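The values are calculated or read from the model by the stated rules, or taken from the named source; none is laboratory data. Small disclaimer: the values here were computed from a predicted structure and weren't measured. Neighbour counts are summed over all protein chains in view; Cβ atoms, including those assigned to glycine, are modelled from backbone coordinates with ideal geometry. These accessible areas exclude ligands, DNA and RNA; they are computed on the full protein's heavy atoms, side chains included. Shrake-Rupley method; radii C 1.70, N 1.55, O 1.52, S 1.80 Å.
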Amino acid sequence: MGIDIKIAVIGLGYVGLPLARLLATKHPVVGFDINHARVNSLQSGIDTTLEIDDATLQKVLLKKSDTSIGLFCTTVLEDIADCNYYIITVPTPVDKNNRPDLTPLYKSSETVGKVLKKGDIVIYESTVYPGVTEEECVPVLEKVSGLRFNVDFFAGYSPERINPGDKEHTVEKILKVTSGSTPEIGQKVNELYQTVITAGTYLAPTIKVAEAAKVIENSQRDINIAFVNELAKIFNLMDIDTHAVLEAAGTKWNFLPFKPGLVGGHCIGVDPYYLAQRAQEFGYHPEIILAGRRLNDSMGDYVASQVVKLMIKKGIVVNGAKLLMLGITFKENCPDVRNTKIVDVITALTDYGITVSIYDPWANPAEVQHEYQLTTSTDLPHHKFDALVLGVAHQEFLNLDLSQLQNNNSLLYDVKGVLGNEVDGRL
């Protein structure tokens, strides 16, 4: 690769920041985000998502005037005007009807279109359905810039594989799928990522193949979890320990080790809807994909009903009972609360007349309040509850003496199946 490479990473969240930081070890990188508070925090050397430790971030940070290898974060459009690679890493959520919301992609494409120049390459990392890059994003780039696709500028797609909170499988250690809008651009995109991805790269033949590969990764996982969630419902009716069944079945070499649980977050609980939407546009109704989504989306209500049933069996008066939910993030040891299904459990429990308190040392209370209008605490309560529900397997909870939160007849329910056999129930 030439020495004239300058990269802009658009969107500095859970995906964009780790990528920008990694690229900044070999290239000049400008990180762009519209969130002023986020950019100010990063430029001061602090990552509130906790994906990058402060010392590691501070090693690559540059001041605006510095054009050497490293990272400068900004909200100013002009600061990315002299870049020649633009990597877009914005979220791709669904709306309240589970339809893909491409608004962040459209807006970020408009942003890049304003500074796009001849010869520039725009790479998308956001998870999408096949066709979004070339059929939805590229027309925006063309319209805003006035340039012609594959003549004046080019595109690539390299799906993110970030696992929030995972300090072992970091971005450079996960094999990277790459693609380009022409064979030559595919090679250029691949070579760019090869400069920093130690696990290696895989150059897909087309952008659509790369898009499809990403969206089926999480759809496959969603369907497998839906299967074991259905098993949990069946075996609970039979009074059989689901985890014991899975452990026994897991002794076979090719049995897949999935566990029942709540499927939230910004990937597994969202991406299948993108594939389903695209399939329906082609006149095909995806039976298995949507069945898996329906089952997994039903698990919040199911957990709440199981908790209430066990409370009644223990003689606990449900209406007015005080319950402590341990954790509200979508996964353990991570502050990410996007699309967390713990909220579904809390909503259902509240409908039963239960007073729910939430303790999560990882979650930002202001963010939870903004997203879900729920009050959380990062401090351990000092009183006892009629019921405890372990919703997230944070390390702090595994080391916690739960007896200090229980009265003589408290219920303990383990959503994650990590507390051993002393619980009253588990998923």
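So which residues in the range 250-283 are of a type in the set (A, V, I, L, M) and open to solvent by 30 Å² or more (accessible area, probe 1.4 Å)?
Our first condition is that a residue be of a type in the set (A, V, I, L, M); within the range 250-283, this holds for 256, 262-263, 268, 270, 275-276, 279.
256, 262, 268, 275, listed by residue number.
The set of residues in the range 321-362 being among the β-branched types (Val, Ile, Thr), open to solvent by 20 Å² or more (accessible area, probe 1.4 Å) and in contact (Cβ under 8 Å) with a residue 60 or more places away in the chain is empty. So which residues in the range 370-384 are assigned to a loop (DSSP other than H, G, I, E, B) and either among the aliphatic types (A, V, I, L, M) or under 25 Å from residue 409 (Cβ atoms) (or both)? Answer for the range 370-384, where residues must be assigned to a loop (DSSP other than H, G, I, E, B) and either among the aliphatic types (A, V, I, L, M) or under 25 Å from residue 409 (Cβ atoms) (or both): 374, 380, 381, 382, 383, 384.
For the range 237-320, please list each of the helices (runs of 4 or more DSSP H) lying entirely inside it that holds at least 1 residues being without any contact (Cβ under 8 Å) to a residue 12 or more places away in the chain, farther than 23 Å from residue 163 by Cβ and over 28 Å from the mean Cα position of the chain (by Cα).
It comes to 242-249, 299-313.
Residues in the range 159-173 that are assigned to a loop (DSSP other than H, G, I, E, B) and more than 11 Å from residue 15 (Cα to Cα) were compared, and the one that is modelled with the highest pLDDT is 169. Taken over the range 75-92, residues that are open to solvent by 50 Å² or more (accessible area, probe 1.4 Å) and within 30 Å of residue 272 (Cβ to Cβ) amount to 1. Scanning the range 186-212 for residues that are farther than 17 Å from residue 154 by Cβ, open to solvent by 80 Å² or more (accessible area, probe 1.4 Å) and part of a helix (DSSP H, G or I) returns a single hit, 194. Report, by residue number, each residue of the range 41-74 that is in contact (Cβ under 8 Å) with a residue 40 or more places away in the chain, among the β-branched types (Val, Ile, Thr), open to solvent by less than 40 Å² (accessible area, probe 1.4 Å) and touching a strand residue (DSSP E or B) at 6+ places or on another chain (Cβ under 8 Å). If the condition is that a residue be in contact (Cβ under 8 Å) with a residue 40 or more places away in the chain, among the β-branched types (Val, Ile, Thr), open to solvent by less than 40 Å² (accessible area, probe 1.4 Å) and touching a strand residue (DSSP E or B) at 6+ places or on another chain (Cβ under 8 Å), then 74 is the only one that fits.
Inspect the range 271-289 for any residue being closer than 19 Å to residue 49 by Cα and touching a Pro at 6+ places or on another chain (Cβ under 6 Å) and give the result as yes or no. Even if it seems obvious, please write down each step before you answer.
From the range 271-289, those closer than 19 Å to residue 49 by Cα are none; that's our starting set.
The answer is no; no qualifying residue exists.
Considering only residues of the range 160-182 that are acidic (Asp, Glu) and touching a residue at least 40 places away in the same chain (Cβ under 8 Å), which is most open to solvent (accessible area, probe 1.4 Å)?
Applying the first criterion (acidic (Asp, Glu)) to the range 160-182 yields 160, 166, 168, 172.
Restricting the remaining residues to those that are touching a residue at least 40 places away in the same chain (Cβ under 8 Å) gives 160, 172.
Values: 160: 11, 172: 37 Å².
Taking the candidates together, the pick is 172.
Condition first: open to solvent by 10 Å² or more (accessible area, probe 1.4 Å) and assigned to a strand (DSSP E or B). Now tell me which residues in the range 385-409 satisfy that. Break it down stepwise before answering.
Looking only at the range 385-409, we keep the residues that are open to solvent by 10 Å² or more (accessible area, probe 1.4 Å), and these are 386, 393, 395-396, 398-404, 406-409.
Correct list: 386, 406, 407, 408, 409.
For residues that are at pLDDT 95 or above, open to solvent by less than 30 Å² (accessible area, probe 1.4 Å) and small (Gly, Ala, Ser), scanning just the range 213-248, find the one that is nearest to residue 291 (Cα to Cα). Checking each candidate, the answer is 226.
Do we find a residue being part of a helix (DSSP H, G or I), open to solvent by less than 40 Å² (accessible area, probe 1.4 Å), farther than 24 Å from residue 230 by Cα and modelled with pLDDT under 95 anywhere in the range 410-426?
Residues of the range 410-426 part of a helix (DSSP H, G or I): 420-422.
If we keep only those that are open to solvent by less than 40 Å² (accessible area, probe 1.4 Å) too, we end up with 420.
If we keep only those that are farther than 24 Å from residue 230 by Cα too, we end up with none.
Within the range 410-426, not a single residue is part of a helix (DSSP H, G or I), open to solvent by less than 40 Å² (accessible area, probe 1.4 Å), farther than 24 Å from residue 230 by Cα and modelled with pLDDT under 95.
Checked against (1) in contact (Cβ under 8 Å) with a residue 24 or more places away in the chain; (2) farther than 24 Å from residue 95 by Cβ, residue 365 meets all criteria but (1). The residue pairs whose first member lies in the range 190-203 and is under 14 Å from residue 171 (Cβ atoms), whose second member is open to solvent by 30 Å² or more (accessible area, probe 1.4 Å) and assigned to a strand (DSSP E or B), and whose beta carbons are closer than 8 Å, counting only pairs six or more residues apart or on different chains, are 193/201; 194/201.
Kindly provide the set of residues from the range 111-145 that are in a helix (DSSP H, G or I), open to solvent by 10 Å² or more (accessible area, probe 1.4 Å), in contact (Cβ under 8 Å) with a residue 40 or more places away in the chain and under 30 Å from residue 289 (Cα atoms), ordered by number.
Start the filter on the range 111-145 by keeping residues that are in a helix (DSSP H, G or I), which leaves 111-113, 132-145.
Cutting the leftovers down to open to solvent by 10 Å² or more (accessible area, probe 1.4 Å) gives us 111, 134-136, 139-140, 142-145.
Imposing the further condition that a residue be in contact (Cβ under 8 Å) with a residue 40 or more places away in the chain reduces the set to 111, 134.
Once the filter is applied, which keeps residues that are in a helix (DSSP H, G or I), open to solvent by 10 Å² or more (accessible area, probe 1.4 Å), in contact (Cβ under 8 Å) with a residue 40 or more places away in the chain and under 30 Å from residue 289 (Cα atoms), the range 111-145 yields only 134.
Are any residues in the range 93-107 under 20 Å from residue 33 (Cα atoms) and either without any contact (Cβ under 8 Å) to a residue 24 or more places away in the chain or open to solvent by 10 Å² or more (accessible area, probe 1.4 Å) (or both), and if so, which ones? Scanning the range 93-107 gives 93, 101, 102, 103, 104, 106, 107. Of all residue pairs spaced 6 or more apart or on separate chains, those with beta-carbon atoms under 9 Å, a first member in the range 373-395 that is among the hydroxyl-bearing types (Ser, Thr, Tyr) and a second member that is open to solvent by 50 Å² or more (accessible area, probe 1.4 Å) and part of a loop (DSSP other than H, G, I, E, B) are 376/364; 378/362; 378/364.
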